[in-house]
Amino acid sequence: MAVLDIQGVTKKFSTTTAVDDFTLTVADGELVCLLGPSGSGKSTLLRMIGGFETATSGLITIDGEDVTRVPPERRPTGMVFQSHALWTHMNVFNNLAFGLKLRRLPKAEIKRKVEAVLDLVGLGGYGSRATTQLSGGQQQRVALARSLVLEPKILLLDEPFASLDQHLRERLREEVRDIQQRLKITTLFVTHGQDEALALADRIVVMRDGHTEQADRPDVVYREPATPFVAGFIGSMNLVDGTIANGVFTHTGFAVPLAAADGPATLAVRPEALDIVPAAGAGMAKIHRVTDYGTHAIVDVDLPDGVRLKAMVGEARNWSAGQAIDLKPRAFAAYRYNAAIFRSLDNG
Amino acid sequence: MARALIEKRMDWTGIGFAAVLTVVIIFPLLVVGTWAFTNVWRYPSVIPQEFGLKFWQQTLARADVWSSITTSLSLSVTVTLLSCVICLPAAYAFARMEFPARNLLFFSFLAGHAFPKFGLLVAIAGIFLQLNLIATFWGVVLIQLVGTLLFMIWIPVAAFQSVDRRMEEAARDVGAKPFRVFWSITLPQAGPTIAAAVLLSFVGTFYETEGAWLIGAPQIRTLPVLMISFINNQPVIQYGAVLSVILWVPSFAALLFARRIISSGSFARGFGG
């Protein structure tokens with residue numbers, strides 16, 4: 001088992017900087033999710049760890065051993081690609097056995113290892129199948145098994161479930177989490193799906209333009225986003241620009257008392273922390289639409305200047321479009337110049 | 001309804017083309033085939049007076065026929081193998097690497113086919129004369145090699161380019177060095193299309209006459225060159241006809257081989273279709 005250490009890694013392509021002075025240490029057995037929009041540099045970073053890109057500067061070490069310039073075939077890393085990248089001219093068994101054969105293991109041991117790993121990913125007895133006969137989820141399991149069978153120190157997953165449907169994605173990520181826990185393998189997982197990151201990770205690193213916006217436990221990233229970008233990227237979040245004066249945040253008719261210095265600010269409220277009540281007077285806002293999701297409902301409300309907010313309510317039938325309402329944020333935060341300046345105590 | 005009716009109408013233009021092609025291709029083949037098994041066929045009879053294998057025995061008894069068969073086969077095999085060794089790595093480089101003047105070099109392979117071939121051959125023959133390559137086996141190999149360059153580069157380039165790079169990276173990831181990746185992953189993935197190119201180069205070399213004649217004559221005589229000289233110099237038609245029928249064999253074999261190993265889309269994919 002292994003520790004991955006990334007120190008000040010930068011990757012420049014001809015005109016752009018994909019990864020900018022990035023530093024991260026992944027502890028032994030930890031599962032870290034690199035989360036960010038496309039173009040944030042998360043895949044480039046992963047490919048540098050796997051050896052498919054070379055860092056322009058900086059240091060990557062695995063268990064203290066410098067691998068920054070080591071070619072992929074000599075790195076103790078195993079990569080699972082988004083497109084599964086199985087070798088279609090070999091059957092499942094040979095896909096898994098290829099790396100073991102390169103290591104000149106005896107035939108019997110190769111057979112034993114391949115069968116064991118196939119059982120691990122729930123595909124026992126699939127060895128003689130052609131890879132093209134498998135479903136998308138099965139192909140991705142074989143790709144995972146192909147990496148695991150070599151017992152890498154670091155497992156790298158590059159959006160492995162992006163091409164699968166929602167249902168399968170959820171099931172596979174639970175399986176990956178179970179396998180990762182059982183093998184206690186240090187894992188780096190790249191995704192642009194925040195639900196995937198929240199469900200899987202010990203720690204989430206939110207990336208933007210090649211640098212870290214926030215690196216913390218999923219619950220902290222969700223409840224205490226460090227920047228408006230993280231707030232907006234993880235979960236759904238209402239972000240309202242306004243000003244703070246005399247301890248009150250205001251944005252055309254919408255006023256929230258909060259203790260922070262005067263000046264411009266962005267108010268962040270999650271839909272589930274924004275209560276709505278029937279208007280006492282003229283009302284702060286008007287309901288635009290009510291969407292019923294069964295377990296809960298989302299009410300879209302328009303402020304007088306047209307800014308739209310989302311509020312989560314328990315019962316759709318209590319609300320109707322056009323109704324005047326007042327807004328009561330229960331938990332909220334305020335940001336100024338990319339940093340949090342206020343958080344309400346109740347973060348639920 | 002209207003659409004279904006239109007689609008059901010007979011495609012007379014297509015049938016017309018098919019009929020013309022059949023007459024143009026099948027009829028001459030039929031005539032040559034008949035001549036090859038004819039002992040006596042005098043004007044004005046529509047069918048030969050006497051069928052038989054007399055001229056097969058006479059043709060196959062000739063030493064120059066056998067030596068030309070050997071020459072043709074060893075020439076085609078040598079050229080195809082050399083072409084593989086030279087062109088496949090080059091094609092891989094064109095497909096996967098960046099180097100100066102890449103596009104210029106890539107299109108230079110068209111040059112051999114973009115100008116009147118005979119003029120080019122005469123110029124080359126002049127150079128070969130200086131190098132003492134005229135009328136030698138390796139001189140003919142060299143000239144045929146030039147002829148195979150175009151499709152032995154262009155088709156494999158397309159084949160290599162269509163191989164998913166992630167597959168190659170995955171192989172590196174499990175511990176394969178670059179050459180092993182090429183051998184175990186890239187080549188098998190591009191295999192069927194490359195087989196098509198190899199087949200084309202074998203058959204193309206086997207049937208080529210202009211270069212083989214201009215560079216090889218008089219010592220090196222391939223089967224097609226011999227056939228042409230039979231047709232030009234012999235008063236007896238059957239010698240040429242028998243050789244022509246013998247010449248069908250490799251192309252039939254190639255066709256059967258092609259049907260077995262090449263899936264229908266490979267040729268089209270090779271040409272970027």
Check whether at least one residue in segment A:37-53 is touching a residue at least 40 places away in the same chain (Cβ under 8 Å) and in contact with a His (Cβ under 7 Å, 6 or more places away or on another chain), and report yes or no.
yes
So, in segment B:75-100, of the ones that are out of contact with any helix residue (DSSP H, G or I) (no Cβ under 9 Å at 6 or more places or on another chain) and of a type in the set (A, V, I, L, M, F, W, C), which residue ends up surrounded by the fewest Cβ atoms within 10 Å (Cβ to Cβ)?
B:Met97
Of A:Val121, A:Val142, A:Val176, A:Val149, the only residue that is touching a residue at least 40 places away in the same chain (Cβ under 8 Å), over 17 Å from A:Gly36 (Cα atoms), away from every other protein chain (no Cβ under 14 Å) and not aromatic (Phe, Trp, Tyr) is A:Val121
Would you list the helices (runs of 4 or more DSSP H) that sit entirely within segment A:168-253 and hold 2 or more residues that are charged (D, E, K, R)?
A:194-200, A:218-223
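For (1) out of contact with any Pro (no Cβ under 6 Å at 6 or more places or on another chain); (2) surrounded by fewer than 21 Cβ atoms within 10 Å (Cβ to Cβ); (3) of a type in the set (D, E, K, R), each residue gets a yes or a no:
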site	(1), (2), (3)
A:Val32	yes, no, no
A:Leu46	yes, no, no
A:Gln82	yes, yes, no
A:Ala85	yes, no, no
A:Thr88	yes, yes, no
A:Phe93	yes, yes, no
A:Leu96	yes, no, no
A:Lys101	yes, yes, yes
(1) within 8 Å of chain B (Cβ to nearest Cβ); (2) in contact with a Ser or Thr (Cβ under 8 Å, 6 or more places away or on another chain); (3) assigned to a loop (DSSP other than H, G, I, E, B) all hold for A:Ala85 apart from (2)
Please determine, by comparing only the residues of segment B:168-225 that are in contact (Cβ under 8 Å) with a residue 60 or more places away in the chain and part of a loop (DSSP other than H, G, I, E, B), which one is farthest from the other protein chains (Cβ to nearest Cβ).
B:Pro218
Where a residue in segment A:62-79 is at the interface with another protein chain (Cβ under 8 Å from one of its Cβ atoms) and in contact (Cβ under 8 Å) with a residue 12 or more places away in the chain and its partner, wherever it lies, is of a type in the set (Phe, Trp, Tyr) and buried (at least 17 other Cβ atoms within 10 Å of the Cβ), with Cβ under 7 Å and at least six apart
A:Pro72/A:Phe52
Looking at segment B:127-152, I want the residues that are not assigned by TED's automatic domain parsing to the domain that holds B:Ala91 and have a partner that is modelled with pLDDT of 85 or more and of a type outside the set (Ser, Thr, Tyr) with Cβ atoms under 7 Å, at least 6 apart or on another chain. Which pairs are those?
none
Kindly list the number of the only condition in (1) charged (D, E, K, R); (2) modelled with pLDDT of 90 or more; (3) within 10 Å of the chain's Cα centre (by Cα) that fails for A:Glu196.
(2)
Unmet criterion (only one of (1) surrounded by 20 or more Cβ atoms within 10 Å (Cβ to Cβ); (2) within 14 Å of chain B (Cβ to nearest Cβ); (3) in a helix (DSSP H, G or I)) for A:Thr132
(1)
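The values are calculated or read from the model by the stated rules, or taken from the named source; none is laboratory data. It should be emphasised that the depicted structure is a prediction, and the values quoted were computed from it without experimental measurement. All Cβ positions, even for glycine, are placed from backbone atoms using ideal geometry, and neighbour counts span all protein chains on display.
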